[in-house]
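Where a number appears in this text, it was derived from the coordinates with a stated rule and is not lab data. Quick caveat: nothing in here was measured; it's all calculated off a predicted structure. We place every Cβ from the backbone using ideal geometry, glycine too, and count neighbours over all the protein chains shown.
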């Protein structure tokens, strides 16, 4: 049973959802709270057995709202805690995300996107790019967002999600899609590669023999709220400077640069290579962090490239961030599938050919 | 080189499992491999399929292929639905117990094998999926029976290990089946 293996240093064929769950356990996740929803239910299913086996906390919550608030509670004690969900259910968690950002709590949320809006369907989608990067909670807050493109990255970025969440005391979302959650690939679990973060200055561990600490989302005066927001945004700036991550191939001489994250980036990569064989100068930029978004790099590339094409499974959401970075220097076009599997390599190649003719 | 495969049939025929065995076998051969299922509101008796992309050069394979090198169709609905997806010069491997032996396209190769009937004769009709993997191994020459046996051992969970010998028998029966019997 591949889903039950937690062996490091050995290749195993594993589903994205199980890879995320296994990696969370290896990252030291002490508490999982969740409510099932397709296409990520394997995460909760796996955790329900494994966490008990390891004598860690697992609660099958009565709702998504309860689950994310349980994560807030656990994280306020400094524990590594997470939940996982999908689209319409992540929508229910938006208020809590805003509170967690305001409380500066290291909650980890795995969001495996399905079709929306509303109940939508269970096909793969990237319709929650905006939900993750902009969010629906109140106030000026930011969530760190990581976007895996392979099953191995489901492991590596889950590790990273726990690390960044605790390092910056900030909610962090692992944003996968239904295709990645259900996909199997050979992967290797390595040991959790990051240092443990000291949280003794803020974690609520019982005030015996010390003054009480308070975690509160409330600023009674305008001055304190200004001070708080400035400090919060100085932190976001630091995250942008230190943690922006992307993959970049063949961009130096590229006329057309494809920008794509998650599973469509796989097809964009193959299409880029096909086009290179045909002599069309195409490059690929794959954002790995969606916040912080690699805007600075895209802005630099806009000086040399003649066009950007954003490849997404939605009606065009990331394209907005690409356009902001390009800032009108060159055209930014959209190649999308509204929902379902990503645009095929053939579709991407034929679109590039068409665009390159009129460049 | 990259090759891609699809296994399709009724829900309950073991389509996803057969694909998982094949994907494991490629992994054991140190190839890069990606397996993904059709994923919707599926039910027992409905159609289901999975695709396997095997690659020995690229580290990351593309998905949602427009064309497929090898398609295994375990029922008529899958044969009809995916016939147009077979790559020119590719292979349609059909379960002739449930699929009519017609060849609507002239630009692809057909193999008909009565895997359901053979599995029934073996004593367990559920073995049709693994039998078809034997046929696929013989036709594609991209994976060996011994690697598939090892993959079966990996995929079959501990509490079902009693079924391993029968699965291995089915695999070999598929591989050794005289295809000239139905493919004159």
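All C-alpha to C-alpha distances of the protein assembly as shown, sorted into 20 Å bins beginning at zero, yield P(r) values of 21, 50, 25, 4, 0 percent in whole numbers.
Roughly what percent of Cα-Cα pairs across region A:280-320 reach past 15 Å?
47
Expressed in units of 2.2 N^0.38 Å, where N is the residue count, the Cα radius of gyration of region B:1-73 is 1.09. When the P(r) of region A:1-96 is calculated, the portion above 19 Å amounts to 38% of the C-alpha pairs. Mean-square fluctuations from a GNM of chain A, with a 10 angstrom spring cutoff on Cα atoms, peak among A:343, A:331, A:292 at A:331. The calculated FRET efficiency for residue A:354 paired with residue A:329, based on their beta-carbon distance and R0 = 22 Å, is about 0.55.
By the helix-only formula, in which each DSSP H run with n ≥ 4 contributes -39500 (n - 2.57) and the sum is divided by residues, chain B has a 222 nm mean residue ellipticity of -11000 deg cm²/dmol. Shape analysis of region A:228-304 yields a ratio of the Cα radius of gyration to the Kirkwood radius, Rg/Rh, of 1.11. Full extension of the segment from residue A:219 to residue A:204, taken as 0.36 nm per residue of separation minus the current Cα-Cα distance, would add 3.4 nm. Remark: the residue A:140-residue A:226 segment gains 29.8 nm on full extension, using 0.36 nm per residue and subtracting the alpha carbon distance.
For region A:246-357, the Stokes-Einstein estimate of translational diffusion at 37 °C and a viscosity of 0.692 mPa s comes to 244 µm²/s, using the Kirkwood hydrodynamic radius over alpha-carbon pairs. Placing one equal scatterer on every Cα of region A:57-185 and applying the Debye formula, the log10 ratio I(q)/I(0) at q = 0.16, 0.17, 0.18 Å⁻¹ is -0.73, -0.83, -0.94.
Looking at chain B, what % of its DSSP beta bridges pair antiparallel, to the nearest 5?
Looking only at bridges with both residues in chain B, the antiparallel portion is about 50 percent.
Rg and Dmax, both from the Cα atoms of region B:83-184 and both in Å, are 14.3, 46. For the pair region A:27-43 and region A:337-354, the centres of their Cα atoms are 32 angstrom apart. The Rg/Rh ratio of region B:2-181, with both radii computed over alpha carbons and Rh defined as the Kirkwood radius, is 0.93. To test your reading of the geometry: what angle, between 0 and 90 degrees and rounded to tens, separates the Cα axis of helix A:16-26 from the longest principal axis of chain A? So the inclination is approximately 40 degrees.
For region A:252-291, the fraction of C-alpha pairs farther apart than 17 angstrom is 27 percent. Applying D = kT/(6 pi eta Rh) to region A:113-254, where Rh is the Kirkwood radius over alpha-carbon pairs, T corresponds to 37 °C and eta to 0.692 mPa s, the Stokes-Einstein value obtained is 179 µm²/s.
Over chain A, dividing the summed -39,500 (n - 2.57) contributions of all DSSP H runs of at least 4 residues by the number of residues returns a 222 nm mean residue ellipticity of -12500 deg cm²/dmol. For the residues of A:176-187, the average number of beta carbons from a partner chain within 10 Å of their own beta carbon is 5.
Look at where the Cα atoms of region B:110-142 and of region A:305-326 average out, and the two centres are 47 Å apart. Centroid-to-centroid, using Cα positions, region B:49-97 and region A:154-171 are 38 Å apart.
Per residue of A:329-341, how many C-beta atoms from partner chains lie within 10 Å of its own C-beta, taken as a mean? Working shown, then result.
Details: counts 0, 0, 0, 0, 0, 0, 0, 0, 1, 0, 0, 3, 7.
Per residue, the number of nearby Cβ atoms from other chains is 1 on average.
Legend: mean number of C-beta atoms from other chains within 10 angstrom of residue C-beta atoms, peptide A:53-60, equals 0.
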